[in-house]
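The values are calculated or read from the model by the stated rules, or taken from the named source; none is laboratory data. All figures in this text were calculated on a predicted structure; none of them were measured in a lab. Cβ: placed from backbone, ideal geometry, glycine included. Neighbour counts: every protein chain shown.
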Amino acid sequence: MSPLVEGIIVAIVLILMLLSGAPVAFALGSVALFFLLIHSGPHGLTVVADTLFGGLDEFALLSIPMFILMGAAVAASRAGSDLYEALERWFYRVPGGLLISNIGACGIFAALTGSSPATCAAIGKMGIPEMQKRGYPDSLATGAIAAGGTLGILIPPSITMIVYGIATETSIGRLFIAGLLPGVMLVALFMAWSLFYASKKGYRFVDPDTYYSLADKLRILPKIIPFLVIIALVLWALYGGVATPSEAAGVGAMFCILLVVMIYKVWRPKALWEILRTATRESVMIMMIIGTSALFSYMMSTLYITQSIAEWIAMLDVNRWVLLLCINLFLLVAGFFLPPVAVIIMTAPIIVPIIIAAGFDPIWFGVVLTINMEIGLITPPVGLNLYVINGIVPDVKLPTILWGALPFMLCMVFGIILLCLFPEIATWLPEHLMGRQR
């Protein structure tokens, strides 16, 4: 049996495992163990422990639980609601201003947490009921938050970027900087679509009795500015070479917890324990996916599937842009079934050398790959953000949420096209701040 046929069989078995409802980490691990046992017999299982540990034996991975702790501390407080309220006060007179406020809040909260589900949950719990109350269609209200939540894996600090940097041995600092302008670009595209749609449909939904003076707008800023300062300092420490990602994440997490305690009085042991419990649960989940993804990748390499796929792609006698299109379509489909971390760990080591050989920048491609993963977060069957939103408003059906998110998916596709036409959107800032990569 040829390696490519074996690869198709492995893919089918993995998809069936995922559709059965098995956790992603256990699905990856069990499929890897099964095929290693078939291929190499019991002797093939002797490398399992070393491979799992090797997948996690990376100092930079320490930044992931630290950034998750940072996000859990913010999510446990009223920081999200204050952020939402501040933007609502500034944009309440704009057509569709509440929608634009929600997207803006998603973008800023994404930078605070680096987590798409946390962003969806924090902003969705406040924004969706408020938009429904003012007459926004369910599809638009839920779709906007589902799409806005995906910004959590692009706008730095991004856990996905950390994993990509480790998997491809590229600079995490450069990746963070590269994701900044594309993240702002996507926020602008989401807002532009919302403004266009609201103006076209005549959505204003401004309560005539509602009025916010300049004093009202400024009064709430002191509560959210300290958190924005932490983001700026973390990014400055990374970009300026002052600290490693792990050190910057640790300091950022510590200051976020201190601010939550001082500003929002979240100091009771039960509340602090809940923050730690939430961060630990999410960190263990991601680490398990990284470890079992390494085992799955080892199995694919042992069966010569990885090398065969790489050779097949490399042998395609096509224009490099056609090659990039094929890779994007492959990543898009992979994102339908697997979370971003798993897709990156399994595919980046295969694809990135081909991308570099075709003359593309690996930092730029990291941004393109991440936007592909964003689309996967709001597409079934895995589409994590869809289920988070459905959990917040269970009376709104999944197809309704998906239909509302569709225009924002198209905005992401348009963003990828813009990045292909103008790669400087992702590459200019890293080169300007850190110099041209050798």
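Quick look at the values:
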read-out: Selection status of Thr278, β-branched (Val, Ile, Thr), closer than 18 Å to Ala110 by Cα and surrounded by 17 or more Cβ atoms within 10 Å (Cβ to Cβ); value: yes
read-out: Single residue of region 307-365 satisfying the filter (part of a loop (DSSP other than H, G, I, E, B) and without any contact (Cβ under 8 Å) to a residue 24 or more places away in the chain) that is farthest from Leu4 (Cα to Cα); value: Asn319
read-out: Breaking point among (1) more than 21 Å from the chain's Cα centre (by Cα); (2) under 25 Å from Pro339 (Cα atoms), for Ser246; value: (1)
read-out: All positions within region 1-21 that are surrounded by 16 or more Cβ atoms within 10 Å (Cβ to Cβ) and either touching a Ser or Thr at 6+ places or on another chain (Cβ under 9 Å) or not hydrophobic (A, V, I, L, M, F, W, C) (or both); value: Pro3, Glu6, Gly7, Met17
read-out: Those residues of region 349-390 which are among the charged types (D, E, K, R) and either within 12 Å of the chain's Cα centre (by Cα) or closer than 30 Å to Gln132 by Cα (or both), in sequence order; value: Glu374
read-out: Residue that is farthest from Ala141 (Cα to Cα), among those in region 398-438 that are out of contact with any Lys or Arg (no Cβ under 8 Å at 6 or more places or on another chain) and polar (S, T, N, Q); value: Thr427
read-out: Considering residues of region 168-183 that are in contact with a Gly (Cβ under 8 Å, 6 or more places away or on another chain) and β-branched (Val, Ile, Thr) only, the residue surrounded by the most Cβ atoms within 10 Å (Cβ to Cβ); value: Ile172
read-out: Only one of Glu424, Glu374 that is surrounded by fewer than 23 Cβ atoms within 10 Å (Cβ to Cβ) and charged (D, E, K, R); value: Glu424
read-out: Evaluation of Val393 against (1) under 19 Å from the mean Cα position of the chain (by Cα); (2) under 30 Å from Glu130 (Cα atoms) (one fails), failing number; value: (1)
read-out: Unmet requirement for Cys120, which otherwise passes all of (1) of a type in the set (A, V, I, L, M, F, W, C); (2) crowded, with 20+ Cβ neighbours inside 10 Å; (3) modelled with pLDDT under 75; value: (3)
read-out: Members of region 145-180 that are over 20 Å from Pro349 (Cβ atoms) and within 9 Å of the chain's Cα centre (by Cα); value: Gly149, Thr150, Leu151, Gly152, Leu154, Ile155
read-out: Subset of region 79-112 (residues that are closer than 18 Å to Ile231 by Cβ, modelled with pLDDT under 75 and in contact with a Phe, Trp or Tyr (Cβ under 8 Å, 6 or more places away or on another chain)); value: Ala79, Gly80, Leu83, Leu112
read-out: Filtered residue count, region 45-77, keeping only those that are under 24 Å from the mean Cα position of the chain (by Cα) and of a type in the set (Val, Ile, Thr); value: 3
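Residue by residue, here is whether (1) surrounded by 22 or more Cβ atoms within 10 Å (Cβ to Cβ); (2) modelled with pLDDT under 80; (3) among the acidic types (Asp, Glu) holds:
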site	(1), (2), (3)
Gly143	yes, no, no
Gly148	yes, no, no
Leu186	yes, no, no
Ala198	no, yes, no
Phe227	yes, yes, no
